[in-house]
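Here's the structure, in structure tokens; my notes come after.
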Amino acid sequence: MSRDKILAAVKSNQFNRAELPDLEILNTLTATNEPLIQQYTAIASAGGSFVYEVPDLEAIKTILHKEFKPGVKIISGIQGLDDYTFAGDVTHELSHSFADVELTILQSNLGVAENGALWLTETQMNVRVLPFISQHLAVIISKDDLVPTMSQAYAKIGNADYGYGAFISGPSKTADIEQSLVIGAHGPRSLSVFILT
Amino acid sequence: MKVALFVPCYVDQFYPKAAIATLELLEKLGVEVHYPKNQTCCGQPMANSGYEHLTTGCNNLFIDNFSGYDYIVCPSGSCTLHIKEHLHSPEKEDQAVSIRKKVYELTEFLIDILKVDHLQARFPYKVGLHQSCHGLRGLRISQMSELVAPAFSKPAQLLDMVQGLELVPLGRQDDCCGFGGTFCVAEEAVSSKMGKDRVDDHIEHGAQYITSADLSCLMHMEGILRRQNSNVKVIHVAEILNHHSHE
Amino acid sequence: MSNITEKSHAELAAAFNKDEPRVDWHDETLWWVRAKRDIAAHKIPEWELLRETASQIKNNVLSNLSGYLEQFEANAIKNGITVHWAADAAEHNKIIHTLLNERGINRMVKSKSMLTEECHLNEYLKEHGVDVIDSDLGERIVQLAGEPPSHIVLPCIHKKKEEIGDIFHEHLGSAKGESDPKILTETARQHLREVFLTRRAALTGVNFAIAETGEIVICTNEGNADMGAHLAEIHIASMGIEKIIPERKHLGVFLRLLTRSATGQPITTYSSHFKKPQQGKEIHIVIVDNGRSIQLGREDFRNSLKCIRCGACMNTCPVYRKSGGHSYHTAIAGPIGSILAPNLDMKKYADLPFASTLCGSCSNVCPVKIDIHDQLYKWRQVIVKEGYSPTAKTIAMKAMAFTLSSPALYRSGGKVARLAFKYAPFAVNNQLNPWYKHREMPKAPEQSFGEWYSKRKEGQQ
């Protein structure tokens, strides 16, 4: 059986135990009390995201109304954005049925200032494919949910159980053709981040 | 301080002026320099080609020539690095270990051991400094552009002490020139293209001279410059630092 | 798929260098990526500590790989994932074909996986009647062109946009002469969206596999791995045994390094953590050895297994930049490929450790601090000792060593002959000498330093 053969070969060839390094130094080094919103906004914007600081959900609606005309399919994973189809109600539908979704709005409770990434778990996505198949993506996050670096981000995630989770840091993009950056590869053509202040 | 001068074989044969300048410079700085006359080669040409096992003869000869000195100084980063990393001898390993610790490339010897802070030298030209890879990434005589660490350069620090000399900036401060020992013939196409691109960087930035702490790189670039009938010349860093007495 | 056969790196590189403007273009494109990497790294004051930490984590992994693999397997199974083990490329390919066959699937979408390139999975499946479409844009381009990727992160970095336009015109119906990257990308988006929506099986690579949780992490910018995996009934993930990291929190180190090293981005657009299958769907992980356990046993070379496939060593390597990825005639090109390939087939890849000047830039950019250039040097010694070096070279080297071991022979040269350099190729002034093709010989001086020194000594006496 290959399993046992591989494991035996690995076991006989691996060398003396090398200890794991301490990550505390890195965690402390990167911890900062500086306002993270500016850092987040600068980095995420450079990565092609649109970042808005907003006081409440109403302000988000106003911005979205300008961008998305009535009639397009919009799915929201957030209670309180009642104008749109609630994602929780459509989880039983086939993933393929979301192919015509124009906009998906989701809530994250973990954002990373150093790279613009937002952590979303399957529960927050409702359907795994939603933040990918949608033509546009909007994510709402509270300013208190921003952390400086990935070190703090994983500290916050801890040993949480999830079926699936993803850091999303911008719109889908590629630079495969002559290193020219093109936004809108296979996933969303835009990512709007709403920071609730 | 008893110092032995280690003159790499190709410097001895093709670039004696660099070795002479090294000797004179060290003597000017008050160092008593010995030249063990039976020296030949550090063995690197074989070792880098995969024939390190053939270097026993060279290694033993090197040990015989260079044991018993306080320092061994060499005007080549590459050969110095080879000795530092690969000088071994089954019979005389203690001596080999001792030599590996005492061998210095010229500019690091001047800065780290002699602590030179001024020079009586004048060289009123625009000069491009080529960082040889072995001096740079092997001996770390300058900071490497890849690392997130404070900048420094021992050869540049010394060149800054030379009157009238202007160091030109380069587009790629430490890209390899493509010499690489037998690489220069085994991979002729890539090697000469690398050399050409390095030379072009210096020329585009107005260098009249290209200098380095390694003559193997300079020999490579000189071959390209001369093929192009360029007015730009190569010169070993020791010749610039010693450039006062003979204009 | 590969039509590159028994030619050496030097020959393939010489062919690549026949078109100098193209070499310049290739070199500058990759140098720009290296420059972006530098900028990204310099924004992180603790960069070197991160590299050191990542290196130590990987050392720990390699020292307890069997334990972590078992832990990973147990946790993955607990999560509802099926785990398969493949000793070599053939078994890997067979496992995947069987999974597809059992489900009556003959079309699959695949995101980037260098392991499947190493195993030549696409060719195998094609022979067995399974159509595979690569969904990473760069990989799709080279797939349509009938070529292997030339770079592990930037698969079609060797192709100009006009050439890509021609390929898309022929295969995807874009307008003739269209070469705008935006329009070509949109063409691929439409084409591949239809593929994502119609494939029942999706294969992905794995960037990290976490022993502690049994989850796998896949990083893309395009979102193609997710589009494929989430829409398919079965998600197959292929991973080499070395992809393991001990704990989830270690991602906080690796994800900070990976993309900054690769392209200078602070992180990929998507870093997807697959822990459990979706309701009613399957995840299968194929854990592949294919020579890795042997490499683990080679003390001088085991560190090559720390590689996280960022491609930084390729971008910085002047030889890679000026010879192109295909010159390496192996799935993984560049410096890292040159220390991995000889483990798989020392004879076939005997040339690769010599395709380097040992400049050392690769080791400096490596985010897990693999001593790449030292390993290149060590592979040279192994290859020569195992007898894979040309006889003529061995004879020349022996003669050179003999001469240089003897002060008398060395000195007997004289000012014209410079006998010591009889065996140094650059000292022969004729058209057959490769040195002379683009470079002049060094001028022989009147006297050697040794001769000058003896005279000076006499003068002093």
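None of the figures in this text is laboratory data; all of them are computed from the coordinates on show. Here the structure is a predicted model, which means the values were calculated and not measured. Don't worry about glycine lacking a Cβ; one is built from the backbone with ideal geometry, like all the others, and counts go over all protein chains shown.
Tabulated values for the structure
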| item | result |
| --- | --- |
| Average beta carbon contacts from partner chains per residue of A:150-156, 10 Å cutoff | 5 |
| Dipole magnitude of chain C about its Cα centre (Cβ charges: Lys, Arg +1; Asp, Glu -1), debye to nearest 20 | 1400 |
| Exercise: per-residue mean of other protein chain Cβ atoms within 10 Å, C:288-296 | 4 |
| Counting DSSP beta bridges with both ends in the protein assembly as shown, the antiparallel % (nearest 5) | 25 |
| Cleavage-rule hits, trypsin sites (Lys or Arg not before Pro), the stretch B:61-169, DSSP coil, Cβ neighbours within 10 Å at most 11 | B:K115 |
| Assigned charges on the beta-carbon of Lys, Arg, Asp, Glu; the stretch B:2-113 dipole about Cα centre (debye) | 120 |
| Share of pairwise Cα separations in chain A, more than 22 Å, in percent | 55 |
| Two-decimal Rg/Rh across the stretch C:289-331, once Rg and the Kirkwood Rh are taken from alpha-carbon atoms | 1.05 |
| Value of Rg to Rh for the stretch C:44-290 (Rh from inverse mean 1/r over Cα pairs, i.e. Kirkwood) | 0.97 |
| With Cα atoms, 0 to 90° folded angle of helix C:47-63 axis to chain C main axis | 80 |
| Phi-based couplings in Hz for the stretch C:337-347 (Karplus 6.51, -1.76, 1.60; Gly and Pro marked x) | x, 6, 9, 8, 4, x, 5, 7, 7, 5, 6 |
| ³J(HN,Hα) computed for each position of the stretch C:148-157 - Karplus, 6.51 cos²θ - 1.76 cosθ + 1.60, integer Hz, glycine/proline x | x, x, 9, 7, 6, 9, 10, x, 10, 5 |
| The stretch C:263-369 pair-distance distribution - Cα-Cα, 5 Å bins, rounded % | 2, 11, 17, 19, 18, 13, 9, 6, 3, 1, 0 |
| Filtered trypsin sites (Lys or Arg not before Pro), the stretch C:88-123: DSSP coil and at most 16 other beta carbons within 10 Å | C:R103 |
| Rough spin-label spacing in nm, given labels placed 7 Å along Cα→Cβ, for A:E93 and C:E170 | 4.1 |
| Calculated SAXS-style log₁₀ I(q)/I(0) at q = 0.11, 0.19, 0.20, 0.23 Å⁻¹ - the stretch B:126-241, Debye, Cα scatterers | -0.32, -0.99, -1.10, -1.42 |
| Using a Förster distance of 56 Å, the FRET efficiency for C:E52-A:F86 (Cβ separation, nearest 0.05) | 0.70 |
| Ranked by how many other beta carbons lie within 10 Å on average, peptides B:212-221, A:173-182 from highest | B:212-221, A:173-182 |
| The stretch C:220-317: mean projected area of Cα convex hull, nm² | 7.8 |
| Helix axis angle, C:372-385 relative to chain C longest principal axis, alpha carbon, degrees | 70 |
| Per-residue mean of C-beta atoms belonging to partner chains within 10 Å, peptide C:395-403 | 5 |
| Structure-based [θ]222 nm, the protein assembly as shown - -39500 (n - 2.57) summed over DSSP H runs of at least 4, per residue, nearest 500 | -12500 deg cm²/dmol |
| Overall Cα dimensions of the stretch B:30-105, principal axis frame, Å, largest first | 40, 25, 21 |
| Nearest-ten-degree value, helix C:449-460 long axis tilted from longest Cα axis of chain C | 40 |
| Mean-position separation - Cα centroids, the stretch B:17-81 and the stretch B:85-123, in angstrom | 10 |
| Dipole of the protein assembly as shown [Lys/Arg +1, Asp/Glu -1 at C-beta], most positive-end residue of C:N93, C:L203, B:G171 | B:G171 |
| Cα-based Lys pair tally, the stretch C:191-314, threshold under 18 Å, eight or more apart or on separate chains | 4 |
| Förster radius 45 Å - calculated FRET efficiency between B:I113 and A:S12, Cβ distance, rounded to 0.05 | 0.40 |
| Three principal axis lengths of chain B [C-alpha, angstrom, descending] | 52, 43, 38 |
| Label zone at B:K28 (point 7 Å along Cα-to-Cβ), backbone N below 15 Å, the stretch B:159-174 | B:159-165 |
| DSSP-defined antiparallel bridges as percent of all bridges, chain C, nearest 5 | 25 |
| Against the rule of thumb 2.2 N^0.38 Å, how large the Cα Rg of the stretch B:116-155 comes out | 1.40 |
| log10 of Debye I(q)/I(0), alpha-carbon scatterers only, for the protein assembly as shown at 0.05, 0.07, 0.09 Å⁻¹ | -0.32, -0.60, -0.94 |
| Among A:85-97, B:5-17, the order from most to least packed when residues are scored by Cβ within 10 Å on average | B:5-17, A:85-97 |
| Taking the convex hull of Cα positions in the stretch A:55-145, its mean projected area over all directions (nm²) | 6.0 |
| Distance cut-off 30 Å, percentage of C-alpha pairs in chain C lying past it | 50 |
| Count of lysine pairs in the stretch C:1-144 with Cα separation under 30 Å (8 or more residues apart, or interchain) | 23 |
